[in-house]
Amino acid sequence: MEKPLTGNFRSDKEAVSLAEYERAGGYQGLRKALLMAPAEVTELVKRSNLRGRGGAGFPTAMKWSFVPTGKESPHPKYIVANADEMEPGTFKDRALMERDPHQLIEGMIVSAYAIEADIGYIFLRGEYERSGDCLSRAIAEAEESNYLGHNILGSGYSLEIHLHFSAGRYICGEETALLNALEGKRAHPRTKPPFPQVSGLWGKPTIVQNVETLCNVHHIVDKGPDWFRGLSLTEDGGTKLYGVSGKVKKPGLWELPMGTPLREILEDHAGGMRDGLRFRGLLPGGASTDFLVEEHLDTPMDYGNVQKAGSRLGTGTMVVLDDQTCPVGMVWNLEHFFAQESCGWCTPCWSGLAWTEKILLAMERGRGTTRDLDTLMFQTKFLAPGNTFCAFAPGAVEPLQSALKYFAEDFRRHIDEQRCPWR
């Protein structure tokens, strides 16, 4: 199968140079895009069925269509690559930036051209120092070769891209919180509307896209939307970077057709569970997704089918739970992270998550009560969508609400035995 996202990866895990990237067909998508009208590029992406790879899965071209364009539209316009990647269990964007950084640069330029953007930012997680080094070199090489900067390849179109190291908060996965942080403010989400496509960075039209999403765009322009749709096993176009972490034999990251069955990823690519361990469940798209269990292993890993199974595709990087790991302890660890990462902007989130984390810790230490189960279930409703300012808290309680459903006996044992049975 074709692997447009990872096909250039070197076996020594070093970053692909500009010369290597060009020999593999790099920047051909940009050359073709510059011969089109911006609206034609957006139309190609629309026909490709590319959906955002950051978690929400919103159609990429539809998002772009909300940006005002034409001679009377406001400028400057901005495009921002969300490379913060703070979702626990997720490491796909890091691989793209460190192994093939020019792919992100080209994808950003083509996307910026489509929305008539003047300035681009890569909002990078502060701990990703190697990613920053790779991207800095790639930006410099692209500028030297006139793929970036003034009058790109003689087309009359100009774009500058800046690398911004983030101070790092999980809330920056919410695009308006990211924009506030980029402006030098506290990373709090903004009231919407207005949406960033109309009034984003410094009040100007802005598109924020995930790294993996942007890395697909120039391939679509170069090889066409029909080719891109043909890479997938379902109606969602393209390939997907799927990752597996946990006590499997071969944890890692693979580029596979969108819609590859969960069982194939877990058993064929990740090698199944380690010897002596049994599968109990997994979070399919990072920490802020609902557990899936044995009955769901034949689910195609795409947006619609994972949703039908009761969870979300999210980032497509799954965290596996085995039968020798305490599910209550695993959920407590996640809720502890989310409670720490709450930006504090709304009371249900900062208070509710802290409360939830304390109850789970008490259970782990043998001090749980039957009433705690009712309180935890209440919290999953109290922090549900529509009850908080943004989607942070609803995502944070997804692993909890599904754990209470699938691992109820484990919660009861903690209370009945007044201890963690796995300690």
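The values are calculated or read from the model by the stated rules, or taken from the named source; none is laboratory data. All figures in this text were calculated on a predicted structure; none of them were measured in a lab. Neighbour counts are summed over all protein chains in view; Cβ atoms, including those assigned to glycine, are modelled from backbone coordinates with ideal geometry.
Just one residue in the set Thr69, Thr60 is farther than 24 Å from Glu129 by Cα, buried (at least 23 other Cβ atoms within 10 Å of the Cβ) and not small (Gly, Ala, Ser); that residue is Thr60.
Among all residues of region 305-316, there is at least one that is at pLDDT below 95 and among the β-branched types (Val, Ile, Thr). Taken together, Gly271, Gly246 contain a single residue that is over 22 Å from the mean Cα position of the chain (by Cα) and on the phi > 0 side of the Ramachandran plot, which is Gly271.
Residue by residue, here is whether (1) in contact with a His (Cβ under 6 Å, 6 or more places away or on another chain); (2) outside any helix (DSSP H, G or I); (3) of a type outside the set (Lys, Arg) holds:
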{"site": "Gly7", "(1), (2), (3)": "no, yes, yes"}
{"site": "Glu20", "(1), (2), (3)": "no, no, yes"}
{"site": "Gly29", "(1), (2), (3)": "yes, no, yes"}
{"site": "Gly70", "(1), (2), (3)": "no, yes, yes"}
{"site": "Pro88", "(1), (2), (3)": "no, yes, yes"}
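Only residues that are polar (S, T, N, Q) and over 19 Å from Phe58 (Cα atoms): list them for region 168-190, please. Answer for region 168-190, where residues must be polar (S, T, N, Q) and over 19 Å from Phe58 (Cα atoms): just Asn180. Here Ile152 clears all of (1) hydrophobic (A, V, I, L, M, F, W, C); (2) under 22 Å from Val221 (Cα atoms); (3) within 17 Å of the chain's Cα centre (by Cα) except the condition numbered (3). Does Ala167 fit the bill of being aliphatic (A, V, I, L, M) and in contact (Cβ under 8 Å) with a residue 60 or more places away in the chain? Judged against the criteria, Ala167 is not a match. Among the residues of region 19-54, the ones that are surrounded by 22 or more Cβ atoms within 10 Å (Cβ to Cβ) and at pLDDT below 95 come to 2 in all. Screening region 138-249 for helices (runs of 4 or more DSSP H) wholly inside it with 1 or more residues that are of a type in the set (D, E, K, R) and over 22 Å from Ala83 (Cβ atoms) returns the ranges 211-223, 225-230. The residues of region 71-114 that are within 24 Å of Ser17 (Cβ to Cβ), without any contact (Cβ under 8 Å) to a residue 60 or more places away in the chain and of a type in the set (Lys, Arg) amount to a single one, Arg94.
Taking region 401-423 as the region of interest, how many residues are outside any helix (DSSP H, G or I) and closer than 19 Å to Phe279 by Cβ? Of the residues in that region, 3 qualify.
Residues that are in contact with an Asp or Glu (Cβ under 8 Å, 6 or more places away or on another chain) and either among the aromatic types (Phe, Trp, Tyr) or not assigned by TED's automatic domain parsing to the domain that holds Ser145 (or both) within region 87-123 comprise Phe91, Phe123, listed in sequence order.
Taken over region 332-348, the criterion of being more than 18 Å from Ala187 (Cβ to Cβ) and either charged (D, E, K, R) or not in a helix (DSSP H, G or I) (or both) is satisfied by Glu335 alone. The single residue among Glu72, Glu40, Glu20, Glu98 that is under 24 Å from the mean Cα position of the chain (by Cα) and acidic (Asp, Glu) turns out to be Glu98.
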